[in-house]
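**Student:** The structure that follows is given in the form of structure tokens.
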Amino acid sequence: MKVGLVIYGNLDIQSGGYLYDRKLVEYLREKGDQVKVISLNKHNYLQNILDNFSESFLNHIINAEIDVLLQDELNHPSLFWINTKLKKRIKYPLVTIVHHLSYSASLNSMSKLFYRIIEKRYLSTVDGFIFNSKTNQDFLESFMGKSLLGVVAYPGRDHINPTGSQDDIASYLSKSEPLRILFVGNLLQHKGLHTLIDALSSIDKEKWILTVIGDSSISPNYTRSVHNLIEKHNLNSRVKFLGFVSSDELADSFKKNHLLVVPSVYEGFGIVYLEAQGFGIPVIASTNGAAKEIIRHGKEGFLIPPGDLQSLSKYISILIENPDLLLDMSKNSLRRYEEFPSWSTSMKKVRDFLVSIT
């Protein structure tokens with residue numbers, strides 16, 4: 001099978017979405033398929049809309065000898081119109097990989113309306129869907145008002161192979177020290193780091209330490225606002241920024257922390273939640289999106305409404321004051337992790353679907 005894949009930039013970009021795309025390409029190539037990556041330059045949203053009027057881009061896709069064209073849905077501003085022209089000149093199917101919609105993660109009402117129009121137009125032009133969660137599938141089918149041809153294939157649990165056991169976790173958690181909280185995610189407003197900092201500001205700062213892992217260069221204005229917030233609450237000594245880290249460094253951070261908190265506005269899946277569970281780390285996440293498919297409220301952590309400072313502060317405080325509960329949730333997290341598929345199992349589902357529609 002000859003497969004094309006349209007993405008912004010290159011597959012080495014560090015995010016859950018690019019990891020998914022990268023793992024899919026690796027699997028397809030391992031199975032003998034030819035994969036041609038078609039890269040677009042990432043500009044701002046309005047600039048990328050101009051890609052739809054690029055004859056060279058259109059001809060590049062038309063001239064590619066492929067059996068199916070995959071498109072990362074986050075490239076929709078560059079594809080929502082060109083796909084219409086493309087479908088008049090090709091015979092192979094267009095399949096979109098949906099991590100989450102920009103519409104679902106937007107906080108600005110005007111941007112949300114704009115994204116809704118453009119994304120709905122884009123999604124109407126494709127023939128098949130790869131969903132990273134059942135929640136994502138349900139959301140899109142509601143969004144489009146109809147059933148969609150596609151496959152649900154979870155991200156694999158084995159990107160970072162965890163080490164340790166329940167005994168190791170019990171020994172680590174028995175140490176008397178502040179609750180070590182970890183935030184993992186690029187510094188973007190919808191990831192909710194500001195919500196976490198505001199919530200922590202109401203808790204005795206001697207009882208917790210926060211480590212932040214993620215690219216701080218994507219949104220300089222938001223990064224600056226986060227640092228200003230930390231300064232405002234006088235929390236500089238309690239918050240440590242590690243920036244971008246390697247997989248080995250991330251694994252090391254999982255081993256050294258007690259709790260993961262990433263209160264995003266919306267996550268199509270949230271692979272970092274699953275990765276943390278492999279190290280026995282409970283998670284606090286948002287009720288929006290697919291976190292509820294990974295975390296059961298009160299079992300492996302807690303789920304809060306987006307932006308709910310009071311609930312977030314309450315649940316962190318509960319875990320600070322109840323180490324036995326934290327330990328129980330750690331053990332539950334290890335068991336929950338084992339219930340999810342490997343990358344090879346999930347990517348086989350995707351490949352089987354692609355074969356079925358070509």
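**Student:** Just need log10 I(q)/I(0) for region 166-337 at q = 0.17 Å⁻¹, Debye formula, equal scatterers on the alpha-carbon atoms, no solvent, rounded to two decimals.
**Tutor:** Reported log10 I(q)/I(0), two decimals: -1.02.
**Student:** Same structure, new question: How large is the helix-only mean residue ellipticity at 222 nm for the chain, computed as the sum of -39500 (n - 2.57) over DSSP H runs with n ≥ 4, divided by its residue count, in deg cm²/dmol to the nearest 500?
**Tutor:** Per the formula, -13000 deg cm²/dmol.
**Student:** From Cα pairs below 8 angstrom and at least 6 apart in sequence, can you work out the relative contact order of region 166-337, rounded to a whole percent?
**Tutor:** 26 percent
**Student:** Within region 1-152, what is the number of lysine pairs with alpha carbons under 14 Å apart, leaving out pairs fewer than eight places apart on the same chain?
**Tutor:** Count of close lysine pairs: 6.
**Student:** Show me 22-33, 109-120, 252-263 ranked by packing, highest mean number of other Cβ atoms within 10 Å first.
**Tutor:** Peptide ranking by packing, descending: 252-263, 22-33, 109-120.
**Student:** I've got another one for you. Using +1 at the C-beta of Lys and Arg and -1 at the C-beta of Asp and Glu, which of Ile38, Met144, Ile218 has the Cα lying farthest in the positive direction of the dipole of the chain?
**Tutor:** In the chain, that residue is Met144.
**Student:** Compute the Rg/Rh shape ratio of the chain: radius of gyration over Kirkwood radius, all on alpha-carbon atoms.
**Tutor:** 0.99
**Student:** Which net charge results for the neighbourhood of Leu250, defined as the other residues with beta-carbon distances under 12 angstrom from its beta-carbon, given Lys and Arg at +1 and Asp and Glu at -1?
**Tutor:** Once positives and negatives cancel, what remains is -2.
**Student:** Right, next: Post the alpha-carbon centroid distance, region 53-105 to region 178-229, in whole angstrom.
**Tutor:** A separation of 36 Å, based on Cα centres.
**Student:** While we're here: Once you list every other residue whose beta carbon is under 12 Å from the beta carbon of Ile230, what net charge do they have if Lys and Arg are +1 and Asp and Glu are -1?
**Tutor:** +3
Throughout, read-outs are computed from the coordinates displayed, never taken from laboratory work. Predicted, not measured: the structure shown is a model, and the values here were computed from it. For neighbour counting, all protein chains shown are included, and Cβ atoms are generated from backbone atoms with ideal geometry for every residue, glycine included.
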